[in-house]
Structures are given as structure tokens and as C-alpha cells.
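Take a look at the structure below.
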Amino acid sequence: MALSENYIEDDIHPIDIVEHIASHHEWEFDRVTDDQIAMVVQGQWRSYSITLAWSAYDETLRMICTFEMEPPSETLPALYETLNEVNDQCWAGAFTYWQEQALMVYRYGLVLSGEQIASAEQIDTMITAAVLSSERYYPAFQLVVYGGRSPKDALQVAIAEAYGHA
């Protein structure tokens, strides 16, 4: 059965759709508020914390996918250079590092202006893309931060598509 077959109504809340997707995939999740859900998705390299929040004000479904990373301060310039290179390769979404929280973050916003409704397939693809991008670039971030490799050398690891379970 397609993920969207249960949604015939036009007035479905985007977070309700996300909750259905999380249940469908048997992901651990918590409906934080009516407009926010948090879940854990297991990848090949690690578990990723994913939060989706709906903003009715700007009609945007925001997603962040995070994983912990505590790079030594001397590796931060190389990490930021790697982030720039990685973001040049990402067509949807972007990575950033939140130093205060020690989190690597992949962010994406799905704008649904004009009262558009996101399909379950769109949202599922958005989540899957976040996990696959994180899986793809995780080894490169690790090599730069902990392996002393240059961003260019480390990104050679990310050339091939990663295979994960999203």
C-alpha cells in the first residue's frame, strides 16, 4: 500500500502525515506538540535524531537531522571547509555544525505556501534524503575531524552513494 493511500482529506496536518510515516517504518517517535515530532532513524553508521516541525505562519515543514560530533577545536577550520564542499554537492538541504550543542545538523525546509498539502511520499523522501546524505558524508566528517585527512581526500570516500536503512 502506498504511504498516501490513507489520506483522502485535503485538510490533513503535515505532522499527522509524519506520524503515519514513522509508524509505517516502525521508527521510534515522540509527538512533541501538535506541530512537532521527533524520531530516531537507524542508519548504517549510527542512529540519527530527526525532528520535523510545522510552521503555519510561513507554511513550511522544517526538518533537522542530527548526530553528535565533538571535534577538537584545532580541527574546526578543516570541518568548516568540508561543510562548504559537502553543501556544494547537496541539491536539497544543507549541513551545518552547531558547536555549542556538539551536533552535526542536516536541515531542510519544505515550503507549502498557498495552503498546499505535502504528500506522504514527499515527506518520506525528505526524511530518506536526510538519512542518506548523513550516511554518505559521515565518514568524510570523521576522517577530517579524527583522522587528520584533508577535506578533499576525505570527500573521496563520499563519491559513491551510501547504502543505509531509512
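Screening the range 81-93 for residues that are surrounded by 14 or more Cβ atoms within 10 Å (Cβ to Cβ) and not polar (S, T, N, Q) and picking the one that is farthest from the chain's Cα centre (by Cα) gives Glu81. Please tell me if Ile21 is over 17 Å from the mean Cα position of the chain (by Cα), surrounded by 14 or more Cβ atoms within 10 Å (Cβ to Cβ) and in contact (Cβ under 8 Å) with a residue 24 or more places away in the chain. Considered against the rule, which asks whether it is over 17 Å from the mean Cα position of the chain (by Cα), surrounded by 14 or more Cβ atoms within 10 Å (Cβ to Cβ) and in contact (Cβ under 8 Å) with a residue 24 or more places away in the chain, Ile21 comes out as no.
Here Trp45 fulfils each of the conditions (1) within 12 Å of the chain's Cα centre (by Cα); (2) open to solvent by 60 Å² or more (accessible area, probe 1.4 Å); (3) touching a residue at least 60 places away in the same chain (Cβ under 8 Å) apart from (1).
Entry remark, the range 94-114: residues being open to solvent by 20 Å² or more (accessible area, probe 1.4 Å) and under 16 Å from Ala53 (Cα atoms) number 6 in total.
Considered as a group, the residues in the range 115-135 that are of a type in the set (D, E, K, R) and open to solvent by 50 Å² or more (accessible area, probe 1.4 Å) include one that is nearest to Tyr80 (Cα to Cα), and that residue is Glu121. For the range 81-112, the tally of residues that are of a type in the set (A, V, I, L, M, F, W, C), under 20 Å from Leu155 (Cβ atoms) and in contact (Cβ under 8 Å) with a residue 12 or more places away in the chain stands at 8.
Residues of the range 58-77 that are over 30 Å from Ala120 (Cβ atoms) and either free of Cβ contacts under 8 Å to residues at least 60 places away in the same chain or crowded, with 18+ Cβ neighbours inside 10 Å (or both): Met69, Glu70, Pro71, Ser73, Glu74, Leu76, Pro77. Hey, could you check the range 24-36 for residues that are within 20 Å of Leu132 (Cα to Cα) and touching a strand residue (DSSP E or B) at 6+ places or on another chain (Cβ under 9 Å) and say which is most open to solvent (accessible area, probe 1.4 Å)? Ranking the qualifying residues of the range 24-36, first place goes to Glu28. Would you be able to say whether some residue in the range 130-143 is modelled with pLDDT under 95 and either outside any helix (DSSP H, G or I) or farther than 14 Å from Trp45 by Cβ (or both)? The answer is no, given that none of the residues of the range 130-143 is modelled with pLDDT under 95 and either outside any helix (DSSP H, G or I) or farther than 14 Å from Trp45 by Cβ (or both).
The values are calculated or read from the model by the stated rules, or taken from the named source; none is laboratory data. What you see is a predicted model, and the numbers here were worked out from it, not measured in a lab. Neighbour counts are summed over all protein chains in view; Cβ atoms, including those assigned to glycine, are modelled from backbone coordinates with ideal geometry. These area figures cover heavy atoms from the full protein model, side chains too; ligands, DNA and RNA do not enter into them. Shrake-Rupley method; radii C 1.70, N 1.55, O 1.52, S 1.80 Å.
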